[in-house]
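Taking it in order: structure first as structure tokens, then the write-up.
The values are calculated or read from the model by the stated rules, or taken from the named source; none is laboratory data. Treat the numbers as computed from the prediction; the structure is a model and nothing was measured. With ideal geometry, Cβ positions are generated from the backbone for all residues, glycine too; neighbour counts draw on all protein chains shown. Keep in mind that these areas ignore ligands, DNA and RNA; they rest on the heavy atoms of the full protein, side chains included. Shrake-Rupley method; radii C 1.70, N 1.55, O 1.52, S 1.80 Å.
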Amino acid sequence: VQLQASGGGLVQAGGSLRLSCTASGRTFSGYALGWFRQTPGKEREFVAAVSWSGNSIYYADSVKGRFTISRDNANNTVYLQMNSLKPEDTARYYCAARAGYTGKYSDPGTMAYWGKGTQVTVSS
């Protein structure tokens, strides 16, 4: 599975962005999908995840109520709608995928496939 994330950019605090991640090489309808983010010098941080069925969704406490993850299996795409952005949301955002249960969604080590990321910068 190859993942390509897009939609990042520069936005003012309080603004919104929608990230997209499209998969190629294999249909990802049977894969759990997640978004993580990372800033220089820090570990990769969990943001949100959706189960393969779409019935279970998880968010980091820091983004609950502001971010929404969704998936479109027909188009092999997962989205991250980010509202009320804060400067501390500035990071490179990565989409990830895995097949089957390999541990907590919040653990980046459980993900098997990664995109190259897209930069999100929120100015104050």
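One equal scatterer on each Cα of the range 74-119, no solvent, Debye formula: the resulting log10 I(q)/I(0) at q = 0.32 Å⁻¹ is -1.20. Looking at the range 1-100, the trypsin sites (Lys or Arg not before Pro) that sit in a DSSP loop and have at most 16 other Cβ atoms within 10 Å of their own Cβ are 26, 42, 64, 66.
In µm²/s, what is D for the range 1-42 at 10 °C and 1.306 mPa s, where D = kT/(6 pi eta Rh) by Stokes-Einstein and Rh is the Kirkwood radius from Cα pairs? Spell out each step's value before the answer.
Numbers: Rh = 12.7 Å.
Once the numbers are plugged in, D ends up at 125 µm²/s.
3J(HN,Hα) along the range 35-40: 10, 10, 9, 8, 10, x Hz, from the Karplus curve 6.51 cos²θ - 1.76 cosθ + 1.60 with θ = phi - 60°, whole Hz, x for Gly and Pro. Accessible surface calculations at 1.4 Å, restricted to protein heavy atoms, place the chain at 50 Å² per residue.
Could you compute how fast the chain diffuses translationally, taking Rh as the Kirkwood radius over C-alpha pairs and applying Stokes-Einstein at 25 °C with viscosity 0.890 mPa s? Give it in µm² per second. Display every interim value, and only then the final one.
Working: Rh = 14.2 Å.
Estimated via Stokes-Einstein, D reaches 173 µm²/s.
Which whole number in µm²/s is D for the range 34-93 by Stokes-Einstein, with the Kirkwood Rh taken over Cα pairs at 25 °C and 0.890 mPa s?
Values: Rh = 12.2 Å.
It diffuses with D of about 200 µm²/s by this estimate.
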